[in-house]
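Notes for the one structure printed next.
What follows is calculated from the coordinates using simple rules that are stated; it is not laboratory data. Everything numeric here is computed off the predicted structure, so don't read it as measured data. Positions of Cβ are generated from backbone atoms using ideal geometry, with glycine treated the same way; all protein chains shown enter the neighbour counts.
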Amino acid sequence: MMNDGKEWQLALPEFLLEAEMLLAKSQECLSHLHLIRNDSDAVECMKNSLIKLAEKADALALRAIGEFSRHVQYLISNAASPLQLHDEALDALNACLTLLAWQLELIDTKTGKLGLDETEQTVLIATVAQHIPQSGFGYKHHPMPYAI
């Protein structure tokens with residue numbers, strides 16, 4: 001779906017409502033992980049919420065939000081020890097969720113454009129990657145391949 005036309009403008013409010021609920025759910029899971037570090041249900045809930053947000057954003061051609069959500073979800077999914085997230089990792093994830101919420105508020109309702117540069121997303125992804133060791137060959141951070 002393109003970011004123009006009446007159809008898109010009608011779909012945006014529903015997307016924003018769903019996105020806010022998914023971010024609230026992710027935030028709730030994150031708060032839970034601050035209390036109980038090894039709660040696999042909370043980790044799964046956060047991953048599922050982020051991937052659903054990415055899919056919903058993709059459906060409206062909100063690429064920056066979709067790719068950022070997917071990137072964060074990937075880092076959680078690929079964590080060497082997903083049930084061993086320390087305060088710095090949880091704080092970095094919280095910063096990502098906060099940025100996503102802020103970006104949702106800044107979507108131009110007529111054009112769907114998000115008038116930001118990608119620097120903050122790139123820095124947050126690097127921070128999350130630094131605090132969440134990745135399994136396998138490790139995660140090498142690459143700049144976001146899109147313009148916001």
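Observations
- Using just its DSSP H runs of length 4 or more, each adding -39500 (n - 2.57), the chain gives a mean residue ellipticity at 222 nm of -22500 deg cm²/dmol after division by all residues.
- For the chain, the fraction of alpha-carbon pairs lying more than 24 Å apart is 30 percent, rounded to a whole number.
- Amide hydrogen neighbours beyond the local backbone of Q134, cut-off 5 Å, H modeled: A80, Y139
- Helix 87-105 and the longest principal axis of the C-alpha atoms of the chain enclose an angle of approximately 0°.
- Loop-exposed chymotrypsin sites (Phe, Trp or Tyr not before Pro) per DSSP, neighbour cap 12 Cβ within 10 angstrom, longest uninterrupted part of the chain: 1-136
- Distance violations [Cα-Cα > 22 Å] among K6/K47; K47/K110; K25/K52; K25/K47; K56/K113: K6/K47; K47/K110
- Taken along the Cα-to-beta-carbon direction at a fixed 7 Å, the label points for T119 and T98 span 1.8 nm.
- With neighbours defined as other Cβ atoms within 10 Å of a residue's Cβ, the residues C45, C29 order from fewest to most as C45, C29.
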